[in-house]
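This is the structure I want to talk about, given as structure tokens.
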Amino acid sequence: MTVAVVQFGGSNCDRDAVRALSNLGIDARRVWHEDGLPADASGIVLPGGFSYGDYLRAGAMAARSPIMAEVREAAADGAPVLGVCNGAQIGCESGLTDGAFTTNRSARFQCEHATLRVENADTPWTRAYDEGEVISLPIAHGEGRFEIAPDRYERLEAEDRILFRYCDADGEVTEAANPNGSTGNVAGVLGERDTVAVLMPHPERATLPDLRAGTDGQGILSGFRVAD
Amino acid sequence: MSLPDADHDLVAAELGREPTPAETALFENLWSEHCAYRSSRPLLSAFDSDGEQVVVGPGDDAAVVALPAIDGDRESDGARASDETYVTLGIESHNHPSYVDPFDGAATGVGGIVRDTLSMGAYPIALADSLYFGPFDREHSRYLFEGVVEGISHYGNCIGVPTVAGSVDFHEGYAGNPLVNVACVGLVTADRLVTAEAQGAGNKLVLVGNATGRDGLGGASFASEDLAEDAETEDRPAVQVGDPYAEKLLIEANEALLDEGLILAARDLGAAGLGGASSELVAKGGLGARIELDRVHQREPNMNAVEILLAESQERMCYEVRPGDVDRVAEIAERFDLGCSVVGEVTEGNYVCTFDGETVVDVPPEFLADGAPTNDLDAVEPGRPDRDLPDVDLAEAFEAVVGSPNAASKRWVYRQYDHEVGLRTAVPPGDDAAVMAVREAGGEGRGSGIGLAITSGSNPDWTSADPYEGARAVALENATNLAAKGATPLAAVDCLNGGNPEKPEVYGAFEAIVDGLADMCRSLETPVVGGNVSLYNDSASGPIPPTPTLAMVGTKAGYDAPPAALSGEGTLLLVGGAGGALGGSEYLAQVGGSDRFPTLPENPGEVVAALADAANQDATLAVHDVSRGGLAVTLAEMVTEAAGATVETEDAVALFDETPGRAVIETTDPDAVRERFDGIAPVVALGEATATGTLTIDVAGETLSYDAEAVADLRSVISRELE
């Protein structure tokens, strides 16, 4: 039983994801995309980075690689799947979750810390938090603005599939607290099942206690414990 | 540019015949100033590059330094374990390409220094960029600044190497010739270390990476002449275009090759392309090579021998591989979608290249690598200014200095760099130095690993005012940055940028910065283990200020470090002796006038060690060093909405003096700080930190007062102007 961290050409947070999960006592290893999912994969991380150099469109090429068919199948069977940053873009591009992540309002890459409000605490990824709790996670992206058609956005809301929204330190969801112009300040969403989630912020960067970035991301990665 | 007549005659005499066109081009590039250091080599012996921590010194792609033993994790006889962790350090300039094409020029600078790290067998863990542009209020400077930052951001972010340190300076002298100096820090264990020294005849030379095209032709010689006024249009073909996706694949392939022990020697392809990398690799091993240029994988049709030999297409590595391992190397390259060609083999003879069945190069490798004669140039020793200080309004001066683009917050820059990828960034950019967690070192179960502090920078106002003292100050300032975070210097690499050395006053100032940097590093007992020289940074608007960028790393036990921001609960001390002068200061740059350069401490090593200890004391709440803009800027940078300061200084000189080797310490135990500095350097009581978020400075009875918002507003000039 191991969490497969899928490494595409250009992935660059794959080692970090393995380190962060291992630090939480969750067995994880990197899997080169061409090798396919290992038989003992108990969960899947689509890590951050620039798969295929983000050429064409962020996540678009990786989403069409053969391993993603296996990931979709595993997700449909209930395996926990977490897409982070470029992995979130891949998740959207491959239909694991609704919506799309596109160029930041600033049109620049932004590496900073963001505060997020937990919108749904009744999922494997958020059960460590309370609904409405404010957590701090690093962001690092140039294309993190969540976009979705209004009717589908309403459906996400109605089905309680919005996981996190960017907010200020007091938990208020404001335009000023929206780092990239995301629709509804959305930072992360669930797929059809709550075992599938994508988010732009980096929980693995807020997991190791010896860095200043804090440990607010541990709860999200602990979503993989369910499968252990 | 072509091969100078004197060089041509020397080559013809050595070969006993006329050089072929390919040989002529090879000598032109490898004997250029950029590659052969013809004007600077006579000066570089000033640097001390020895030390028991030095594993590989100057001359390879990057230097290699052992981390200090913590609690006896090294054998008592000094022997190094095979799993001992080393740090690699490299720095290079990409100045002329960044002027012609700021995005690609800067991006490929990052790519080059990262490959220098790979070719030592190391994994890159951090980048530092020191950037120099013309005045910020000029549109052309902003265009270059934005393009360079975007290029570094694009390339560094894509390859997953965090950019954690650096500097940005604006100065009139860079208006026609910006500087982009890029440093890379890597980690390698002793058993994975490889060098650029070829191991034996019969081994194969394998080229892995991007296919070769016609880009970057003659880049080395382009970097070795003044920038022409029409360089932006005329020299564009000499600028390479980077592909960070390929570089990331190269990082992964390099790791896989090392995992299986397949690399005997490595050299990345940089200046002078395949010709440079392959000839230098075999020359270092006292060997030769036979290269079939037709075997190089190419992306353009009908390339000729000279183009294949010298193109500076990016993202390529040259490996020496055992004949029996060639197939496995090709498999690994294939796995990562990289091209791979066996281009030749190591021999005991000449450096020989064939093309289309004909021999196009046949030269003695050591003559090609080391035969370039050095230039004996005239130097005029720089003069030193006297004191002539204008009368100024104190508040206006404070606002001008704190609000100047040089002193301002660089958050606009480092926000565009992914500085946290890799999970090592314990102290992010925006502080005196970055601190990276090296958990591998210090031994398993032996505590909390080693914190590797990184800083890089220079100061064109200092080195313009007084090249020798200014360069000494640059070295001390970098060491002070490390000490402010509790680290002590381990080693440094330099990037020496100068104008046209054929001008005696330019060469004299260049000589002075070399000596100044070398002397201060020797005083600090910090070996200078490698570097880069970039001359001919000269344009129609004149030479650049002599610019000795230094990238220095230091170590500490653990990764925790005091912040620069005040907590609001302690007493404020200024440690270190002020030089009592304003030469080279931001203050003079803003208000005019002149002054001598401040006197630096006579015991800089002791001062740095004392500061590092004081920073690590339990009672220390915040530490920030004094540099650009003096105490005024230091205090402004320490204030937050939650914490302010009320302090006193004796006069304007004390407020704006930039003497390095000093820091403001917020502590709850001032006596402990005084005790550590006893007999080493003065400790002055400045005042108290407060919980108000207001900075109040009493200057000889005149009071300046700014709340956190006003300070932040002054400091935000770059983001305000560019967003």
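The values are calculated or read from the model by the stated rules, or taken from the named source; none is laboratory data. None of these values were measured; they are calculated from a predicted model. Note that each Cβ is placed from the backbone with ideal geometry, even for glycine, and that neighbours are counted across all protein chains shown. All accessible areas refer to the heavy atoms of the entire protein, side chains included, with ligands and DNA or RNA removed. Shrake-Rupley method; radii C 1.70, N 1.55, O 1.52, S 1.80 Å.
Would it be correct to say that B:F367 is open to solvent by 40 Å² or more (accessible area, probe 1.4 Å), touching a residue at least 60 places away in the same chain (Cβ under 8 Å) and more than 14 Å from chain A (Cβ to nearest Cβ)? First the steps, then the outcome.
On the way: open to solvent by 40 Å² or more (accessible area, probe 1.4 Å): no; touching a residue at least 60 places away in the same chain (Cβ under 8 Å): yes; more than 14 Å from chain A (Cβ to nearest Cβ): yes.
Criteria not met by B:F367.
Taking the range B:18-45, which residues are outside any helix (DSSP H, G or I) and at negative phi?
First, the residues of the range B:18-45 that are outside any helix (DSSP H, G or I): B:18-20, B:31-32, B:37-40, B:45.
B:E18, B:P19, B:T20, B:W31, B:S32, B:R38, B:S39, B:S40, B:S45, listed by residue number.
Please state which one of B:G173, B:G186 is in contact with a Ser or Thr (Cβ under 8 Å, 6 or more places away or on another chain), away from chain A (no Cβ under 14 Å) and either in a helix (DSSP H, G or I) or hydroxyl-bearing (S, T, Y) (or both). Before the answer, list the steps.
Values: B:G186 fails: either in a helix (DSSP H, G or I) or hydroxyl-bearing (S, T, Y) (or both).
None of the other options fit; the residue is B:G173.
Hey, could you check the range A:97-153 for residues that are in contact with a Phe, Trp or Tyr (Cβ under 8 Å, 6 or more places away or on another chain), acidic (D, E) and under 29 Å from B:Y155 (Cα atoms) and say which is surrounded by the most Cβ atoms within 10 Å (Cβ to Cβ)?
So the residue we want is A:E143.
Kindly provide the set of residues from the range A:40-51 that are under 11 Å from A:Q89 (Cβ atoms) and within 14 Å of chain B (Cβ to nearest Cβ), ordered by number.
Here is the first cut: in the range A:40-51, the residues under 11 Å from A:Q89 (Cβ atoms) are A:46, A:48-51.
A:G48, A:G49, A:F50, A:S51 - these are the residues of the range A:40-51 that are under 11 Å from A:Q89 (Cβ atoms) and within 14 Å of chain B (Cβ to nearest Cβ).
Residues that are buried (at least 24 other Cβ atoms within 10 Å of the Cβ), farther than 21 Å from B:S93 by Cβ, modelled with pLDDT of 95 or more and not charged (D, E, K, R): does the range B:452-464 have at least one?
Checked the range B:452-464: at least one residue is buried (at least 24 other Cβ atoms within 10 Å of the Cβ), farther than 21 Å from B:S93 by Cβ, modelled with pLDDT of 95 or more and not charged (D, E, K, R).
Let me ask something else about it. What is the residue count in the range A:103-131 for residues that are in a strand (DSSP E or B), more than 14 Å from every other protein chain (Cβ to nearest Cβ) and more than 16 Å from A:A197 (Cα to Cα)? Even if it seems obvious, please write down each step before you answer.
As a first pass, look at the range A:103-131 and keep what is in a strand (DSSP E or B): A:110-118.
Filter once more, keeping what is more than 14 Å from every other protein chain (Cβ to nearest Cβ): A:115-118.
Narrowing the set further to residues that are more than 16 Å from A:A197 (Cα to Cα) leaves A:115.
Number satisfying all stated conditions: 1.
Let's see how each residue does on (1) over 21 Å from B:I113 (Cβ atoms); (2) of a type in the set (S, T, Y); (3) under 19 Å from the mean Cα position of the chain (by Cα); (4) in a helix (DSSP H, G or I):
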| position | (1), (2), (3), (4) |
| --- | --- |
| B:E477 | yes, no, yes, yes |
| B:P489 | no, no, yes, no |
| B:V493 | no, no, yes, no |
| B:L496 | no, no, yes, no |
| B:P501 | yes, no, no, no |
| B:E505 | yes, no, no, yes |
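One residue is enough: does the range B:243-265 have a residue meeting the conditions surrounded by fewer than 24 Cβ atoms within 10 Å (Cβ to Cβ), hydroxyl-bearing (S, T, Y), in contact with a Phe, Trp or Tyr (Cβ under 8 Å, 6 or more places away or on another chain) and in contact (Cβ under 8 Å) with a residue 12 or more places away in the chain?
Checked the range B:243-265: at least one residue is surrounded by fewer than 24 Cβ atoms within 10 Å (Cβ to Cβ), hydroxyl-bearing (S, T, Y), in contact with a Phe, Trp or Tyr (Cβ under 8 Å, 6 or more places away or on another chain) and in contact (Cβ under 8 Å) with a residue 12 or more places away in the chain.
Table: residues versus (1) over 16 Å from the mean Cα position of the chain (by Cα); (2) away from chain B (no Cβ under 14 Å).
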site	(1), (2)
A:E133	yes, yes
A:R161	no, yes
A:T174	yes, yes
A:E192	no, yes
A:H202	no, no
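Okay, residues lined up against (1) of a type in the set (S, T, N, Q); (2) closer than 30 Å to B:V653 by Cα; (3) away from every other protein chain (no Cβ under 14 Å):
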| site | (1), (2), (3) |
| --- | --- |
| B:A408 | no, yes, yes |
| B:R415 | no, no, no |
| B:D418 | no, no, no |
| B:L423 | no, no, no |
| B:V438 | no, no, no |
| B:T455 | yes, yes, yes |
| B:Y468 | no, yes, yes |
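Do you know which residues across the range B:126-147 are part of a helix (DSSP H, G or I) and within 14 Å of chain A (Cβ to nearest Cβ)? Before you say what the answer is, go through the steps one by one.
First, pick out the residues of the range B:126-147 that are part of a helix (DSSP H, G or I): B:139-147.
Result: B:F145, B:E146, B:G147.
From B:A614, B:A645, B:A685, B:A689, grab the single residue that is touching a strand residue (DSSP E or B) at 6+ places or on another chain (Cβ under 8 Å), under 24 Å from B:G554 (Cα atoms) and among the aliphatic types (A, V, I, L, M).
Working: B:A645 fails: under 24 Å from B:G554 (Cα atoms); B:A685 fails: under 24 Å from B:G554 (Cα atoms); B:A689 fails: under 24 Å from B:G554 (Cα atoms).
After ruling out the rest, the residue left standing is B:A614.
Filtering the range B:673-693 down to residues that are farther than 20 Å from B:A645 by Cβ and either of a type in the set (K, R) or in contact (Cβ under 8 Å) with a residue 24 or more places away in the chain (or both), which residue is most open to solvent (accessible area, probe 1.4 Å)? Show your work before the answer.
Narrowing the range B:673-693 to residues farther than 20 Å from B:A645 by Cβ: B:675-681.
Remaining after also requiring either of a type in the set (K, R) or in contact (Cβ under 8 Å) with a residue 24 or more places away in the chain (or both): B:676-677, B:680-681.
Working: B:R676: 71, B:F677: 3, B:I680: 38, B:A681: 20 Å².
My answer is B:R676.
Take A:L82 and decide whether it is part of a loop (DSSP other than H, G, I, E, B) and away from every other protein chain (no Cβ under 14 Å).
Numbers: part of a loop (DSSP other than H, G, I, E, B): no; away from every other protein chain (no Cβ under 14 Å): yes.
Against the criterion (part of a loop (DSSP other than H, G, I, E, B) and away from every other protein chain (no Cβ under 14 Å)), A:L82 does not qualify.
Provide a single number: the residues in the range B:286-304 that are surrounded by fewer than 22 Cβ atoms within 10 Å (Cβ to Cβ) and touching a Ser or Thr at 6+ places or on another chain (Cβ under 9 Å).
Filtering the range B:286-304 down to residues surrounded by fewer than 22 Cβ atoms within 10 Å (Cβ to Cβ) leaves B:286, B:290, B:292, B:294-295, B:297-304.
Going one step further and asking which of them are touching a Ser or Thr at 6+ places or on another chain (Cβ under 9 Å), we end up with B:290, B:292, B:294-295, B:297-300, B:303.
The total comes to 9.
Here's something else I'd like to know. Against the condition at pLDDT below 95, of a type outside the set (D, E, K, R) and open to solvent by 10 Å² or more (accessible area, probe 1.4 Å), how does A:V173 come out, does it pass? Even if it seems obvious, please write down each step before you answer.
Details: at pLDDT below 95: no; of a type outside the set (D, E, K, R): yes; open to solvent by 10 Å² or more (accessible area, probe 1.4 Å): yes.
Spelling it out, it is not the case that A:V173 is at pLDDT below 95, of a type outside the set (D, E, K, R) and open to solvent by 10 Å² or more (accessible area, probe 1.4 Å).
Among the residues of the range B:125-164, count how many are open to solvent by 20 Å² or more (accessible area, probe 1.4 Å) and either out of contact with any Phe, Trp or Tyr (no Cβ under 8 Å at 6 or more places or on another chain) or of a type in the set (F, W, Y) (or both).
6
Can you name the residue in the range A:13-22 that is within 9 Å of chain B (Cβ to nearest Cβ) and touching a residue at least 60 places away in the same chain (Cβ under 8 Å) and is also farthest from A:L199 (Cα to Cα) among such residues?
Filtering first and then ranking leaves A:R19.
Return the residue satisfying two criteria in turn: it lies in the range B:559-583 and is on the phi > 0 side of the Ramachandran plot and open to solvent by 10 Å² or more (accessible area, probe 1.4 Å), and of such residues it is farthest from the other protein chains (Cβ to nearest Cβ).
Within the range B:559-583, the match that is farthest from the other protein chains (Cβ to nearest Cβ) is B:G580.
What residue, of B:A333, B:A311, is open to solvent by less than 10 Å² (accessible area, probe 1.4 Å) and modelled with pLDDT under 95?
Numbers: B:A333 fails: modelled with pLDDT under 95.
Answer to the check: B:A311.
Separate question: Is there a residue being touching a helix residue (DSSP H, G or I) at 6+ places or on another chain (Cβ under 9 Å), assigned to a strand (DSSP E or B) and either open to solvent by 10 Å² or more (accessible area, probe 1.4 Å) or farther than 18 Å from A:G219 by Cα (or both) anywhere in the range A:45-67?
Pass one, the range A:45-67, residues touching a helix residue (DSSP H, G or I) at 6+ places or on another chain (Cβ under 9 Å): A:45-55, A:57-67.
Going one step further and asking which of them are assigned to a strand (DSSP E or B), we end up with A:45-46, A:49.
Next cut, either open to solvent by 10 Å² or more (accessible area, probe 1.4 Å) or farther than 18 Å from A:G219 by Cα (or both) only: A:49.
Yes, the range A:45-67 contains at least one residue that is touching a helix residue (DSSP H, G or I) at 6+ places or on another chain (Cβ under 9 Å), assigned to a strand (DSSP E or B) and either open to solvent by 10 Å² or more (accessible area, probe 1.4 Å) or farther than 18 Å from A:G219 by Cα (or both).
Scan the range B:208-241 residue by residue and report those that are modelled with pLDDT of 95 or more and touching a Cys at 6+ places or on another chain (Cβ under 6 Å).
Within the range B:208-241, B:V208 is the sole residue that qualifies.
Also, quick follow-up: Is it the case that the range A:143-158 has a residue that's touching a residue at least 60 places away in the same chain (Cβ under 8 Å) and under 20 Å from A:P47 (Cβ atoms)? If you could, list the steps in order and put the result at the bottom.
Taking the range A:143-158 as the starting set, the residues that turn out to be touching a residue at least 60 places away in the same chain (Cβ under 8 Å) are A:143.
Then keep just the ones that are under 20 Å from A:P47 (Cβ atoms); that gives A:143.
Looking for residues that are touching a residue at least 60 places away in the same chain (Cβ under 8 Å) and under 20 Å from A:P47 (Cβ atoms), one finds at least one in the range A:143-158, hence yes.
Can you find even one residue in the range B:597-605 that is of a type in the set (A, V, I, L, M) and part of a loop (DSSP other than H, G, I, E, B)?
Within the range B:597-605, the first condition is being of a type in the set (A, V, I, L, M), and the residues that meet it are B:600.
From the residues that got through so far, the ones that are part of a loop (DSSP other than H, G, I, E, B) too are B:600.
Yes, some residue in the range B:597-605 is of a type in the set (A, V, I, L, M) and part of a loop (DSSP other than H, G, I, E, B).
Considering only the range B:623-723, give the strands (runs of 3 or more DSSP E) lying wholly within it that have at least 1 residues that are touching a His at 6+ places or on another chain (Cβ under 8 Å) and closer than 24 Å to B:E477 by Cβ.
Values: elements: B:644-649, B:663-667, B:683-690, B:694-699, B:702-707.
Where strands (runs of 3 or more DSSP E) fall fully within the range B:623-723 and carry at least 1 residues being touching a His at 6+ places or on another chain (Cβ under 8 Å) and closer than 24 Å to B:E477 by Cβ, they are B:663-667.
Then there's this: Give the residues of the range B:12-51 that are in contact (Cβ under 8 Å) with a residue 24 or more places away in the chain, surrounded by fewer than 18 Cβ atoms within 10 Å (Cβ to Cβ) and more than 22 Å from the chain's Cα centre (by Cα), sorted by residue number.
Matches in the range B:12-51: B:E14, B:L15, B:P21.
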